[in-house]
Amino acid sequence: MGTPALMGLLFLLASGASDEEGGLFPLVGGFAGVSWDSNVTRSEKPQGDVALDVGASGGGGWVSEDGAWGVSLLGLYRGRAWATAIELSTHVLGGSLLGTWSPLEWLALGVAPSGGYTLGVDSSRNGPRLDARGFVKVFPTEWLSVRAGYGYLWRDAVDAVFSTRTHDVSALVVVRPLDWLGFNASVGYAAGDDVVYQATEASGGLAGTRRRRFSAAGASYEPLRVYAHTVSMSAGAEFLLPRGFSLSVDVAWVSSVNEVQPWTAWVPSALVGWDLP
């Protein structure tokens, strides 16, 4: 149950260094919003659910006088609470390091390693996570930017079914016709472990482990880790508001192909963000 949109927003909070004139500066931000997942169980019989999403970041950064180099270090928090599939709710505490280099006015290269610890309502999901990312960004004009990147996500958990390893590549296009308005579109591909949920009888289960079972919409499910190829596409808009606030709306389509239980989901979301002016 990844949250690429939320992690992307936290990544953008960390990338504000490129707008500074030089020297040290603080980085403080956060967001709150709601999202809907049309297939929260990743099952053959989709069950939709709504989630409350919150996040915060705090730290600092440095940019060289010529703007070519930048580094930021952040502490991060992200929480997601599901309305009915309560056992899927999690909190993530961690930190992120972002380094950027702009050898040309229209080109930037960056690396963004991060790490954290997941705490879930279901304690079998608890465990560390490491995320290593690199990207190339081109901005031929003031109103257009294109970014392509690669990432590797490693997650460990108390229960091995939730321990996953995933490689992904992605591309993002941002068009900003006005200072306060931006549109974005992205596409991504991931290969690696995925967790799907199969319906099971209340008295039994795929592995006979009651601690891993949860209920949603009156049905009982158990998780199963599979190897999957996942494709995602999203489109959205961002509105910059006064006093450092912003409003982001987004809709994503995600499709996972695996040999056990392929699934597809629609995930619309709306977030209000804030950055220290």
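The values are calculated or read from the model by the stated rules, or taken from the named source; none is laboratory data. Keep in mind it's a predicted model, so treat the numbers as computed, not measured. As a convention, Cβ positions derive from the backbone with ideal geometry for all residues, glycine included, and neighbour counts pool all protein chains shown.
Select, from Arg133, Arg176, Arg165, the only residue that is modelled with pLDDT of 95 or more, closer than 17 Å to Tyr227 by Cα and among the charged types (D, E, K, R). Just one listed residue meets the conditions, Arg165.
Each residue in region 149-204 was checked for being assigned to a loop (DSSP other than H, G, I, E, B), among the small types (Gly, Ala, Ser) and free of Cβ contacts under 8 Å to residues at least 24 places away in the same chain, and 3 of them qualify. The number of residues in region 85-105 being crowded, with 16+ Cβ neighbours inside 10 Å, over 14 Å from Val63 (Cα atoms) and β-branched (Val, Ile, Thr) comes to 2. Residues that are out of contact with any Gly (no Cβ under 7 Å at 6 or more places or on another chain), crowded, with 17+ Cβ neighbours inside 10 Å and among the acidic types (Asp, Glu) do occur in region 116-124, at least one of them.
Just one of the listed residues (Ser255, Ser248) is closer than 21 Å to Pro177 by Cβ and polar (S, T, N, Q), namely Ser248.
Listed by position, the strands (runs of 3 or more DSSP E) enclosed by region 38-112 that each have at least 2 residues that are within 30 Å of Arg225 (Cα to Cα) and in contact with a His (Cβ under 8 Å, 6 or more places away or on another chain) are 69-82. Quick one: would you say Leu24 is at pLDDT below 95, in a strand (DSSP E or B) and of a type in the set (A, V, I, L, M)? Considered against the rule, which asks whether it is at pLDDT below 95, in a strand (DSSP E or B) and of a type in the set (A, V, I, L, M), Leu24 comes out as yes. For region 120-142, check the following and say yes or no: at least one residue is within 20 Å of Gly182 (Cβ to Cβ) and basic (Lys, Arg). Yes - at least one qualifying residue is present in region 120-142. Return yes or no: is Ala228 at pLDDT 95 or above and closer than 20 Å to His167 by Cβ? So Ala228 passes the test.
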